[in-house]
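Shown next, in structure tokens, is the structure this report addresses.
The values are calculated or read from the model by the stated rules, or taken from the named source; none is laboratory data. Every value quoted in this text rests on a predicted model; they were computed, and no experiment measured them. Cβ sites come from the backbone with ideal geometry, for glycine too, and all protein chains shown count toward neighbours.
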Amino acid sequence: MLAVAEGFSVVWLIILVGWFVGRRRLLGDNAPQVLSRLSFFVASPALLLETLSKADLKQVFSEPLLVAAVSAVFTGLVFLLISRFWLKRSLSEALLSAMSSSIVNAANLGIPIAAYVLGDAALIAPVLIFQLAFYTPCYLLVLDATTSGHRATPGRILLQVFRNPMILGTLAGLVLAASGWRLPSLLAEPVHLIGGAAIPAILIAFGMSLGTSKPLSAADGRRTDTLLATGFKLVLHPVAAYLLGHFVLGMSGAALFAVVVAAALPSAQNVYVVAQRYLVGVTVAKDTVLATTVLAIPAMFAVAVLLG
């Protein structure tokens, strides 16, 4: 678990840099939005293209992928219904909250944890591929439709696909992976360098946002949403993964431990980037990412003890 703590420490140090930059106003008042847009429109699509182009697509059809998909969809759908019909949030805000409760930080935390705790970085690949190739793009399509003010006809959905850079990066990466093609070095190197800016930009923008508001503030009117999303992410999501993996698919031992740990990862910072992009659900996204990133270590210790 020392490796888990080390992985989280790296993330928190970069967030702390962002907080310091934001407090000193070194980059101006609009810097968090600019960095988020840089990540959404430029860096993240490059990272998605590079990551997915090297993926082994056979893992898409593995049992861990099924666990990752069903547990995430179940958790997100339950929270969406609660947010929409009990908390009375708009559809777009409920969608962002559902993302906060069910999309895990599979890249900059999931990869090191899979490598150092589970012993194989490839174990996080099914989660990463499901989220990047299917789950997140589905949310983006619906958010495009709900925030644009237009009815989601097939033509508009197709147009939104070709206007959304993260979906385009995902599709391009999957095409390369399926075909076995590789980008020429003249293109691959710039894509690699630009994609390398995605995670630092996300974390620094997130850190800067922490200096502008107090987490879990009652004045924001979203404390209940954040607490529920945090509980869903760190409790319901891994419990759903355990029940499906153990009782439905018959998984046990290290394989079961791996899928439950993956489900117990904190909310992805990409959710905050999406919230900034669509200007909805920003408070819940920011506070849920913060709370789950703090509480994920004890949650993983609990998983290790319960399944040990």
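Here are the numbers:
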item	result
Number of positions in region 223-257 that are crowded, with 24+ Cβ neighbours inside 10 Å and either touching a Cys at 6+ places or on another chain (Cβ under 7 Å) or under 16 Å from Val127 (Cβ atoms) (or both)	6
Enumeration of residues in region 134-146 that are under 26 Å from Ala177 (Cα atoms), crowded, with 20+ Cβ neighbours inside 10 Å and more than 12 Å from the chain's Cα centre (by Cα)	Leu140
Residue list for region 236-260, filter: not in a helix (DSSP H, G or I) and not polar (S, T, N, Q)	Leu249, Gly250, Met251
Residue check, Ser71 crowded, with 19+ Cβ neighbours inside 10 Å, at pLDDT 95 or above, assigned to a helix (DSSP H, G or I) and within 16 Å of the chain's Cα centre (by Cα)	yes
The one condition in (1) among the hydroxyl-bearing types (Ser, Thr, Tyr); (2) in contact with a His (Cβ under 9 Å, 6 or more places away or on another chain); (3) within 24 Å of Ser83 (Cα to Cα) that Tyr278 fails to fulfil	(2)
Residue in region 270-293 that is of a type in the set (A, V, I, L, M, F, W, C), on the phi > 0 side of the Ramachandran plot and either surrounded by fewer than 22 Cβ atoms within 10 Å (Cβ to Cβ) or modelled with pLDDT under 90 (or both) present	yes
Scope region 79-105; condition surrounded by fewer than 17 Cβ atoms within 10 Å (Cβ to Cβ) and assigned to a helix (DSSP H, G or I); matching residues	Leu81, Phe85, Trp86, Leu91
Positions within region 22-60 being among the basic types (Lys, Arg), touching a residue at least 12 places away in the same chain (Cβ under 8 Å) and assigned to a helix (DSSP H, G or I), in sequence order	Arg23, Arg37
Every residue from region 261-284 that is in contact with a Leu (Cβ under 6 Å, 6 or more places away or on another chain), assigned to a helix (DSSP H, G or I) and among the small types (Gly, Ala, Ser)	Ala275
Meets criteria (closer than 22 Å to Ala177 by Cβ and either of a type in the set (Lys, Arg) or exposed (fewer than 15 other Cβ atoms within 10 Å of the Cβ) (or both)) for Asp29	no
